[in-house]
Amino acid sequence: AKILALHGPNLNLLGVREPDIYGRETLADINAALAEQAQAAGHELGWYQSNAEHELIGRIHQARDDQTALIVFNPGAFTHTSIALRDALAAVAIPFIEVHLSNVHAREPFRRHSYLADIAVGVIGGFGSDSYRLALDAAIRRLARADA
Ligand code: DQA
């Protein structure tokens, strides 16, 4: 099936940006590892990053047309602000897993609230780039159950 790794604002700076919080792996490293992990399980992973809310919304709309089965989504700071992204995900009704590199509950209080978490399949955070790998593993297991 088609899986989309979707990355929100500032995640293009991974590896450079606050490495003590977000780690030293770049987004390209992460996407390459995810593509390999998906392929090994017989799936196809695409990825997209944008710093702009409307572009992320557009990519979510496109995911409905291109038959994306599941989205692994790190919405970055839009997690804590965006009703529009929530509405887009609800509109396309594609299951998604919310991912964070950092443990958002161990940081500033404003990071504790997510506009997306309650409509996500699940939320994984706090494991650095492994958060993505764990989310993709959960996605692959879920897709296997859906096929059965
Ligand atoms: C983040 C956590 C958000 O609070 C923050 O705004 C980010 C990254 C994470 O992956 O830990 O940009 O989503």
Find how many whole Å separate the alpha carbon centroid of segment 16-62 from the alpha carbon centroid of segment 70-148.
12 Å
Within the under-13-Å Cβ sphere about R86, not counting R86, Lys/Arg +1 and Asp/Glu -1 give a net charge of -4
Using a cut-off of 15 Å between beta-carbons, work out the net charge of the residues near V121 (Lys and Arg +1, Asp and Glu -1, V121 not included).
+1
Assign unit charges at the C-beta atoms only (+1 for Lys and Arg, -1 for Asp and Glu), then state the dipole size of the chain relative to its Cα centre in Debye, rounded to the nearest 20.
260 debye
Estimated [θ] at 222 nm from DSSP helical runs (n ≥ 4, -39500 (n - 2.57)) normalised by residues in the chain, nearest 500:
-12500 deg cm²/dmol
Among Q62, S50, A144 - extreme Cα towards positive end, dipole of segment 2-147, charges at beta-carbon:
A144
Going 7 Å from the Cα of A146 along its beta-carbon direction, which residues of segment 44-79 have the amide nitrogen within less than 20 Å of the resulting point?
44-48, 57-75
Proxy exposure order for Y132, Y22 (fewest C-beta within 10 Å first) is Y22, Y132
Positive dipole terminus of the chain, leading residue within I3, A90, F73 (C-beta point charges):
A90
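Read the figures in this text as sums done on the coordinates, not as results from a lab. All values derive from a computational prediction rather than experimental measurement. In this analysis, Cβ positions are derived from the backbone assuming ideal geometry, glycine residues included, and neighbour counts consider all displayed protein chains.
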